[in-house]
1. Evaluate the range B:165-174: report whether one residue or more is away from chain A (no Cβ under 14 Å), farther than 28 Å from A:Leu291 by Cα, outside any helix (DSSP H, G or I) and more than 20 Å from the chain's Cα centre (by Cα).
2. If a residue must be of a type in the set (Phe, Trp, Tyr), over 20 Å from A:Ala157 (Cβ atoms) and either facing chain A (nearest Cβ under 9 Å) or without any contact (Cβ under 8 Å) to a residue 24 or more places away in the chain (or both), how many such residues does the range B:237-266 contain?
3. Could we say that B:Glu217 is buried (at least 24 other Cβ atoms within 10 Å of the Cβ) and part of a helix (DSSP H, G or I) here?
4. Here are the criteria: (1) buried (at least 18 other Cβ atoms within 10 Å of the Cβ); (2) touching a Phe, Trp or Tyr at 6+ places or on another chain (Cβ under 8 Å); (3) under 21 Å from A:Val267 (Cα atoms). Tell me which single one A:Leu115 does not satisfy.
5. Looking at the structure I just gave you, is A:Gln63 touching a Lys or Arg at 6+ places or on another chain (Cβ under 9 Å), modelled with pLDDT of 75 or more and of a type in the set (S, T, N, Q)?
6. Which is farther than 17 Å from A:Phe277 by Cβ and not β-branched (Val, Ile, Thr), of A:Tyr78, A:Tyr67, A:Tyr50?
7. List pairs: first in the range B:174-201 and over 13 Å from B:Ala108 (Cβ atoms), second in a helix (DSSP H, G or I) and at pLDDT 85 or above, Cβ under 6 Å, 6+ apart or cross-chain?
8. Within the bounds of the range B:189-212, is there any residue that is within 12 Å of chain A (Cβ to nearest Cβ), part of a loop (DSSP other than H, G, I, E, B) and either within 28 Å of B:Arg274 (Cα to Cα) or not aromatic (Phe, Trp, Tyr) (or both)?
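The values are calculated or read from the model by the stated rules, or taken from the named source; none is laboratory data. The structure displayed is predicted, hence computed values, not measured ones. So basically every Cβ, Gly included, is an ideal-geometry build from the backbone, and we count neighbours across all protein chains shown.
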Amino acid sequence: MIGFILSRVARAIITLLVTVTLVFVFIRFSGDPAAALAPPDAPQEVIEQYRRALGLDQPFWVQYTGYLGRLIQGDFGYSIHSGRPSLQIFLDRLPATLRLGGTALLISLVCGITLGAVAALNRGRPIDRGVMAFSVFAFAMPNFLFGLVVILVGSLAFQVYLGGQGASSTALGLIAPALTLGLASMGSYARFTRSSLLETINKPFMLAAEARGIPYKRRLIRHALPNAAIPLVTLVGLSLGSLIAGSVVTEQVFAWPGVGQLLVRSVATRDIATVQFLVLAIAATMITANLIVDLLYLVIDPRIRAK
Amino acid sequence: MSDATTYQRPAIPWAVRLALGFIAVFVLFALFGQWLSPHEFRATSLLDRLRPPVGFGGTWDYPLGTDARGRDLLVRLAVGAQITLIVAVVGTLIGAVLGSLLGVLAAARRGFVETVVVGAVDVQASLPIIVVALFVLAMFDSSFTLFLLLIGLTGWEVYARLMRGAVLSAKEQGYVTAVRALGASPYRIYLRHILPNVVSVALVQFTVNMPLTVLLETALSFLGLGVQSPLTSLGQIMSEGRDRLLTAWWLTLFPGVIIFLLALSISLVGDWVRDRFDPTLRSEN
């Protein structure tokens with residue numbers, strides 16, 4: 001078990017290191033980093049200064065180790081626009097994104113699992129087909145279209161404008177973008193819960209439970225659901241990626257002052273230092289999340305612990 | 001001539017038929033839609049700005065209305081559909097070929113090559129493709145070729161993983177040992193024997209991956225970081241109409257609904273293809 005944990009942690013660290021290296025190599029060879037990090041209209045002397053300051057006259061491996069060293073010390077560079085540390089800008093915007101992402105995850109988990117379970121228990125009936133149709137709909141619906149439709153409906157039917165800066169403080173102003181962001185995941189949770197539950201219901205231990213005279217409800221809640229939920233943990237871990245990707249678009253549509261909006265704005269204005277930091281932060285988040293999912297299996301699935 | 005023992009092909013569900021129908025109409029519209037309108041897709045007409053569609057106060061001069069520069073929406077949708085179609089097909093192809101090649105290579109060579117490919121798959125799995133695309137677009141001037149290549153990266157890691165697994169298990173099959181014993185060269189074994197047996201895995205994934213390509217292209221273009229004006233795509237038209245959502249809804253809703261129906265149709269067909277040709281991946285019990 002210790003070996004399992006260590007190998008997972010080592011793999012996560014290696015993946016993160018490779019990502020950092022790729023980002024470094026990419027920035028280093030995509031052009032002159034001094035010119036990229038300096039303001040666009042900087043005179044030649046300033047660029048030279050940047051070059052010396054960045055150590056670009058040093059050998060490649062010295063630059064690389066220096067880059068790693070700065071990352072470890074928490075020095076992620078400065079935004080060319082505000083001159084503030086990228087880390088600080090990111091931290092300013094993180095709470096808004098966590099609020100939106102957390103709400104979206106909660107909505108999609110609760111609704112998705114409920115829909116999937118209801119569909120599985122009514123297999124083949126119209127309600128099952130309805131849920132399956134919904135999951136296909138949710139997958140194909142581009143979140144920018146759904147978001148715009150929500151804004152349109154909100155302003156025409158309810159006289160509230162959900163796409164503006166001020167809307168994020170109201171309850172509806174939070175739920176509308178969270179629903180937009182969580183829709184795709186909700187569909188895949190519903191689909192997955194349904195197939196996982198159907199598979200579990202037909203396992204021999206369910207028949208054994210029935211034979212022991214355990215009532216239907218208890219069989220379902222104590223025996224079927226926990227077993228069906230195990231693979232769902234992986235799916236939630238994986239869907240973090242689509243949640244992050246979705247928040248980039250959703251925050252843009254609803255003018256939500258979060259990290260996704262910051263990323264799009266930084267790309268549009270060529271704020272390389274900020275973009276680079278955001279990419280590393282997203283990679284680190286996802287690698288950590290995947291590691292947690294792997295380790296969570298030890299807790300929830302005793303069969304892995306036994307190996 | 002058919003008798004009672006002939007295998008009956010299961011009927012194609014009506015939803016899949018509808019989806020195939022929509023895809024056919026979409027492709028025809030992308031290819032020939034420009035001829036439906038006398039206007040040119042970049043031609044502006046300041047006197048005809050923001051005309052509503054027919055039925056909402058518009059005239060047949062501009063059946064679907066015009067945008068803020070008086071450009072005909074119908075012809076812009078046709079051109080946009082064309083670009084979206086090209087990006088979707090070419091982008092999906094790039095990812096399929098690249099990912100499958102790497103997967104086959106990893107399984108065939110094992111050792112160092114395999115370690116590198118599996119590592120690259122891990123790295124890609126830790127970054128959503130839209131973030132990778134945004135990172136690259138921040139560095140380089142956006143060009144159509146670069147954009148196409150980036151879209152092509154969508155889901156390559158899935159092909160690589162699937163094909164590696166398929167080839168590894170195919171290599172263990174008796175027929176491979178048999179042809180090897182007959183003295184077949186490695187190239188012959190891979191091209192003539194293993195590849196035909198695993199290619200269905202990639203074909204199925206192709207239809208599953210294509211809606212994701214469509215959605216990524218339109219999302220990036222919607223953010224203003226994909227297809228750039230004067231060229232246009234469905235996402236780019238939406239992005240231009242976004243600020244006028246409440247006054248000129250047709251600029252966002254028409255392209256949006258087309259994108260949705262396209263992604264929906266392709267994924268319905270994709271699910272059907274997967275269930276039909278690859279029972280091991282079946283989503284339903």
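1. Yes, there is a match, as at least one residue in the range B:165-174 is away from chain A (no Cβ under 14 Å), farther than 28 Å from A:Leu291 by Cα, outside any helix (DSSP H, G or I) and more than 20 Å from the chain's Cα centre (by Cα).
2. Of all residues in the range B:237-266, those of a type in the set (Phe, Trp, Tyr) come to B:249-250, B:254, B:260.
With the extra rule that they be over 20 Å from A:Ala157 (Cβ atoms), the set shrinks to B:254, B:260.
Still in the list and also either facing chain A (nearest Cβ under 9 Å) or without any contact (Cβ under 8 Å) to a residue 24 or more places away in the chain (or both): B:260.
The qualifying residues number 1.
3. On the way: buried (at least 24 other Cβ atoms within 10 Å of the Cβ): yes; part of a helix (DSSP H, G or I): yes.
Considered against the rule, which asks whether it is buried (at least 24 other Cβ atoms within 10 Å of the Cβ) and part of a helix (DSSP H, G or I), B:Glu217 comes out as yes.
4. (3)
5. Numbers: touching a Lys or Arg at 6+ places or on another chain (Cβ under 9 Å): yes; modelled with pLDDT of 75 or more: yes; of a type in the set (S, T, N, Q): yes.
Here the answer is yes, as A:Gln63 does meet what is asked.
6. Of the residues listed, the single one that is farther than 17 Å from A:Phe277 by Cβ and not β-branched (Val, Ile, Thr) is A:Tyr50.
7. B:Val179/B:Ile189; B:Val179/B:His193; B:Asn197/B:Ala170; B:Val201/B:Leu162; B:Val201/B:Ala166
8. Filtering the range B:189-212 for residues within 12 Å of chain A (Cβ to nearest Cβ) gives B:208, B:210-212.
Okay, now just the ones that are also part of a loop (DSSP other than H, G, I, E, B), so none.
No: zero hits.
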